[in-house]
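Peer 1: I have a structure here, written as structure tokens, and I will follow up with some questions on it.
No lab work stands behind these numbers, since they all come straight from the coordinates. On a predicted model such as this, the values are computed, not experimentally measured, just so you know. Here Cβ is always computed from backbone atoms with ideal geometry, including for glycine, and neighbour counts include all displayed protein chains.
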Amino acid sequence: MTVAVNVFAATNKQQIEKIKHFYGEKAGKRATAWRSLIQNSQHLSEQKKLKAVNNFFNQFIFISDEKLWGKEDYWATPYEFVGAGAGDCEDFSIAKYQALRELGIPDKKLRLIYVKALEMNQFHMVVAYYPTPSSVPLILDNLKGDIRPAIKRKDLLPIYSFNGSKLWLMKNRGQSQVAGKASRLSLWNDLRDRSNKIILHRPKNTY
């Protein structure tokens, strides 16, 4: 146990230092808070892990990819999101998903869902948590801070969803059909590769 804790702490320190060196002092403080969240939330129940992760990342600033990265669509890794201190809906959702995976929540209980936010008339991404395979999922979202069951999010129209292994197409509200492997999504493949290698890109601004 001591060896595992020491390795975890050493890895955290390396990640923090890399973010601090690349993005600056303020980013280093965010990285410290991020890694502390992961380290100190391991013992929590799954419901409390959801709340802790959702609340932490919802403090970040929302900004479009065009303004932050100078690209029409860019999926930032959690390292880049924490480094920049800002991002769009995909960045919020991906960071939450990765944090929950680090906290030991099985991939089969989590999905990233691409939706149409009806009130805003724009595409959006959220995280869904399924307590059991047949459960109504709980939705983690940066638009509405509290975690709600999907049936209470009538403002969201699901289009497709994915996790670390599978891709689903949404047929009707609450129903989905497996459409293949998540590796069909090129942006997801690129992000996972950059995240595994901790490849960092510099945004136009940090916050």
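Peer 1: With 10 angstrom as the radius, rank Ile151, Ile38 by how many other C-beta atoms surround their C-beta, starting from the fewest.
Peer 2: Least to most surrounded, the residues fall as Ile151, Ile38.
Peer 1: Can you tell me how segment 139-192 classifies by the Cα gyration tensor, rounded, prolate or oblate, using a/c under 1.5 as the rounded cut?
Peer 2: Oblate shape, in that a/c is at least 1.5 and b/c is the bigger or equal ratio.
Peer 1: What is the order of Ser36, Ser161, Ser45, fewest Cβ neighbours within 10 Å to most?
Peer 2: Ordered by Cβ neighbours within 10 Å, fewest first: Ser45, Ser36, Ser161.
Peer 1: What is segment 86-200 by shape, rounded, prolate or oblate, if you read a ≥ b ≥ c off the alpha carbon gyration tensor as root eigenvalues and call it rounded for a/c under 1.5, prolate for a/b larger than b/c, and oblate otherwise? Write down the numbers at each step before the final one.
Peer 2: Values: a/c = 1.43, a/b = 1.29, b/c = 1.11.
Verdict is rounded for segment 86-200.
Peer 1: Contour minus end-to-end for Arg184 and Arg202, with contour as 0.36 nm per residue of separation and end-to-end as the Cα-Cα distance?
Peer 2: Answer, rounded to one decimal: 3.8 nm.
Peer 1: Counting other beta carbons within 10 Å of each Cβ, put Thr132, Thr11, Thr32 in order, fewest first.
Peer 2: Fewest-to-most ranking of Thr132, Thr11, Thr32: Thr132, Thr11, Thr32.
Peer 1: Give Lys49/Lys108; Lys48/Lys108; Lys154/Lys181; Lys20/Lys109 a once-over and call out the pairs whose C-alpha atoms are over 24 Å from each other.
Peer 2: Lys154/Lys181; Lys20/Lys109
Peer 1: Given axes a ≥ b ≥ c from the Cα gyration tensor, I'd like to know whether segment 1-106 is rounded (a/c under 1.5), prolate (a/b larger than b/c) or oblate.
Peer 2: Judged from the Cα gyration tensor, segment 1-106 comes out oblate (a/c at least 1.5, b/c at or above a/b).
Peer 1: What does the helix-only formula give at 222 nm for the chain: each DSSP H stretch with n ≥ 4 adding -39500 (n - 2.57), the total divided by the residues, and the result rounded to the nearest 500 deg cm²/dmol? Walk me through the numbers before you get to the answer.
Peer 2: Working: 7 runs with 88 residues, N = 207.
After summing the helix terms and dividing by the residues of the chain, the value is -13500 deg cm²/dmol.
Peer 1: Still on this structure, please answer the following. Please compare each pair in Lys166/Lys204; Lys71/Lys144; Lys152/Lys197 to a cut-off of 30 Å on the Cα-Cα distance and tell me which ones are over it.
Peer 2: Table pairs above 30 Å Cα-Cα are Lys166/Lys204; Lys152/Lys197.
Peer 1: Can you give the extra length, in nm with one decimal, that the chain gains between Tyr130 and Lys116 once fully stretched, where that is 0.36 nm per residue apart less the Cα-Cα distance? Don't skip to the answer; put the middle values down first.
Peer 2: On the way: separation 14, 0.36 × 14 = 5.04 nm, distance 2.02 nm.
Result for the pair: 3.0 nm of gain on full extension.
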